[in-house]
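Inspection log for the structure reproduced underneath, given as structure tokens.
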Amino acid sequence: MRIPETGCRQLRRRNFLALLGCASAHGLFADAASGPIRLENVAPRCGLDFVLRNDAVGRKYQVETVLGGLGVIDFDGDGWPDLYCVNGASLPSLLKSDKRFFNRLYRNNRDGTFTDVTIRAGVQGRGYDMGLAIGDYNNDGHDDLFVVGVHGNTLYRNNGDGTFTDVSEGAGFRPKDPKQQNLWSVAAAWWDYDNDGRLDLIVSNYCDWSPGADPVCGGLQKERRTYCHPDMYRAEPVLVYHNNGNGVFTEVSRELGLAEVLGKGMGIALADFDNDGRPDVFIANDNARNLLIHNLGTKLKEIGIPAGVAYNGDGRQISGMGADFADIDGDGLPDIVMTGLRGETFELFRNHGDGTFEDASTASGLLNLSRPWSGWGCGFIDLDNDGWRDLFLANGGLDVDEPQPNRVLLNRQGRFADVSAGAGADFARLAALHRGIAFADFDNDGRIDIAVTAINQPIELWMNRSPQRHWLQLKLTGTRSNRSALGARIICRAGGRAQTAEVANSVGLGSASDLRVHFGLGDNSKADLEIRWPSGTKQRMAEVKADQCLRLEEPS
């Protein structure tokens, strides 16, 4: 018998724990509004004029809600982060019929402004794009672009002269199988799963969708239509592409053990969660069980259920959107965050270090803090340089009547406090249908900034104006390892504490952050470093001076 929801609700395990902790959490976070994080949106005056366009006109095509990835790429190698934003297209044709749908590449002018160089670079795109992955797949010293979208993905090779070449067909990304031609890809990430020094690729696919077969939900009248629930669509496979080293990729999902793994994949996050030297993958799924892909070297094994990350603390699936994978409590083990829709609460899975995770949403304070919000992009990053990774959330509902402001949650030794109200007047009141986020120190001042997209609204660039504290950034270059150094693990010791981070730029929803690794050092002016490169090479450095971006090449 189904109990009516009106007037009462079932007290689930997580609700009970939340009630127990509510009073103490309220006392702990009472001064949250006075947090030290300050952000200023400078996009309107710095040359970033990108608008994320979904071409929604009332038909409620499912693709209209999910787009919005963007990425940080130093495409010209000058040490200043540039920005690439993917865009939608005309519906139902799925073609960029007008320049307003172009993807955009913005060059950082190193003076606080950006210049649109899209046309010269040749990266305006062709279809209805969703997200991207950034990395140097051919180890030539220039970061390349892989753009994913609806019924077609594109590999752009960086020529090193400010231009890119579409090499998708020759590289193996124009599949002959009709089933793969019609996949709807939302996110992708570069990773060297076999540690052979060449970047491979993993792609999360969403729903079996086409504009001609899209169901009508909510009502036949235009004003009553709604976006359909994901249950109306069949799930799609996770695909892994092996880099053959000659510019060609081979799809090897079945050979690696993922033939039967289906999902409605959204955000991808990578980390070596069991510290065995091989990068693993978490994929947030929209109303389907989440996936944790354990990298065994020669095989991949999906272990989401036994690891405890497939469902939330109540054993239910949520509308998984964005994801990130990083150590938030200082124990050296990468933890997982995943966003969902309003009322579902976001998930924080704390790594036990024995191959399993626990739902720490209540203990961290995230459960109550996330209830009002529909989250998409998300990411762990130290915004106040105190040595603890904070949580930034890009929020917005499904439709035009649900704009929401972004949130910034301050990390207080593993517990979070919402300090959004004190982050600046513009930050607190700017509501939109936010989607993708990407992190980088765009002005190289030692404070991490945030770029955020919003459907049919101008891009936001939140420059970090928090009080200055000590910091250290590392830009690693592999020699035996892949040149992007993706998968390298760094331990930074300062002031009696150790911070652990990995080179991993896939973040949130179909987005990519800066490949530079950032450590906040607080009052410490020096740090000791220990680096484990993907090749297995270990490197140590003592008393490294703070307040610099240090470029390191892997020892031979």
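The values are calculated or read from the model by the stated rules, or taken from the named source; none is laboratory data. Source: prediction; values computed, not measured. Cβ atoms come from the backbone with ideal geometry, glycine included; neighbour counts cover every protein chain shown. Side chains are part of the model used for accessible areas, which takes the heavy atoms of the whole protein and leaves out ligands, DNA and RNA. Shrake-Rupley method; radii C 1.70, N 1.55, O 1.52, S 1.80 Å.
Of the strands (runs of 3 or more DSSP E) lying entirely inside the stretch 176-243, the ones with 3 or more residues being within 23 Å of Ile318 (Cβ to Cβ) are found at 185-191, 200-205.
Can you find, within the stretch 244-271, the residue that is surrounded by the most Cβ atoms within 10 Å (Cβ to Cβ) among those that are assigned to a strand (DSSP E or B) and not small (Gly, Ala, Ser)? Can you show your working first?
Residues of the stretch 244-271 assigned to a strand (DSSP E or B): 249-251, 262-263, 265-271.
Those still in the list that are not small (Gly, Ala, Ser) too: 249-251, 262, 266, 268, 270.
On the way: Phe249: 21, Thr250: 12, Glu251: 18, Leu262: 16, Met266: 29, Ile268: 32, Leu270: 28.
Only one residue tops the list, namely Ile268.
Scanning the stretch 26-44 for residues that are modelled with pLDDT under 95 and within 30 Å of Ala121 (Cα to Cα) yields a single hit, Pro44.
Scan the stretch 126-167 residue by residue and report those that are in a strand (DSSP E or B) and surrounded by fewer than 18 Cβ atoms within 10 Å (Cβ to Cβ). Give the steps one after another, and end with the answer.
So the first thing to find is which residues in the stretch 126-167 are in a strand (DSSP E or B), and the list is 127, 129-135, 144-150, 154-158, 164-166.
Residue satisfying the conditions is Thr165 alone.
Which of the residues spanning the stretch 371-380 are open to solvent by less than 10 Å² (accessible area, probe 1.4 Å) and either at pLDDT below 95 or in a loop (DSSP other than H, G, I, E, B) (or both)?
Ser374
Any idea how many residues of the stretch 406-431 are more than 16 Å from Ala451 (Cα to Cα) and open to solvent by 60 Å² or more (accessible area, probe 1.4 Å)? Of the residues in the stretch 406-431, 6 are more than 16 Å from Ala451 (Cα to Cα) and open to solvent by 60 Å² or more (accessible area, probe 1.4 Å). Taking every residue in the stretch 41-68 that is touching a residue at least 12 places away in the same chain (Cβ under 8 Å) and pairing it with any residue that is of a type in the set (A, V, I, L, M, F, W, C) and part of a helix (DSSP H, G or I), at least 6 positions away or on another chain, the pairs with Cβ-Cβ distances below 8 Å are Asn41/Phe427; Arg53/Phe101; Asn54/Val63; Asp55/Phe101.
Could you say which residue among Gly313, Gly297 is farther than 19 Å from Asn205 by Cα, touching a helix residue (DSSP H, G or I) at 6+ places or on another chain (Cβ under 9 Å) and not acidic (Asp, Glu)? Result of the check over Gly313, Gly297: Gly313. Criterion applied to Gly212, Gly170 was being surrounded by fewer than 16 Cβ atoms within 10 Å (Cβ to Cβ), small (Gly, Ala, Ser) and farther than 18 Å from Leu95 by Cβ, and the one residue passing it is Gly170. Of the strands (runs of 3 or more DSSP E) lying entirely inside the stretch 434-537, the ones with 1 or more residues being open to solvent by less than 10 Å² (accessible area, probe 1.4 Å) and either within 27 Å of Ala423 (Cα to Cα) or polar (S, T, N, Q) (or both) are found at 434-440, 449-454, 457-464, 470-477, 497-502, 517-522. Scan the stretch 215-230 for residues that are open to solvent by 50 Å² or more (accessible area, probe 1.4 Å) and within 24 Å of the chain's Cα centre (by Cα) and jot them down. Correct list: His229 only. With respect to the conditions (1) over 16 Å from the mean Cα position of the chain (by Cα); (2) open to solvent by 10 Å² or more (accessible area, probe 1.4 Å); (3) under 27 Å from Gly522 (Cα atoms); (4) modelled with pLDDT of 95 or more, Pro403 falls short on a single one, namely (3).
When Gly353 is tested against (1) open to solvent by 10 Å² or more (accessible area, probe 1.4 Å); (2) more than 28 Å from Ala498 (Cβ to Cβ), just one condition goes unmet, and that condition is (2). Apart from one condition, Asn385 fits all of (1) of a type outside the set (Asp, Glu); (2) under 26 Å from Arg497 (Cβ atoms); (3) at pLDDT below 95; the exception is (3). For the stretch 103-125, the set of residues classified as open to solvent by 10 Å² or more (accessible area, probe 1.4 Å), touching a residue at least 60 places away in the same chain (Cβ under 8 Å) and not in a loop (DSSP other than H, G, I, E, B) consists of Phe114, Thr115, Asp116, listed by residue number.
You will find that of Arg100, Arg59, the residue that is in contact with an Asp or Glu (Cβ under 9 Å, 6 or more places away or on another chain) and either modelled with pLDDT of 95 or more or surrounded by fewer than 21 Cβ atoms within 10 Å (Cβ to Cβ) (or both) is Arg59 and no other. Return the residue satisfying two criteria in turn: it lies in the stretch 41-56 and is open to solvent by less than 20 Å² (accessible area, probe 1.4 Å) and either among the polar types (S, T, N, Q) or touching a Ser or Thr at 6+ places or on another chain (Cβ under 7 Å) (or both), and of such residues it is nearest to Ser319 (Cα to Cα). By that ranking, first place goes to Asn54.
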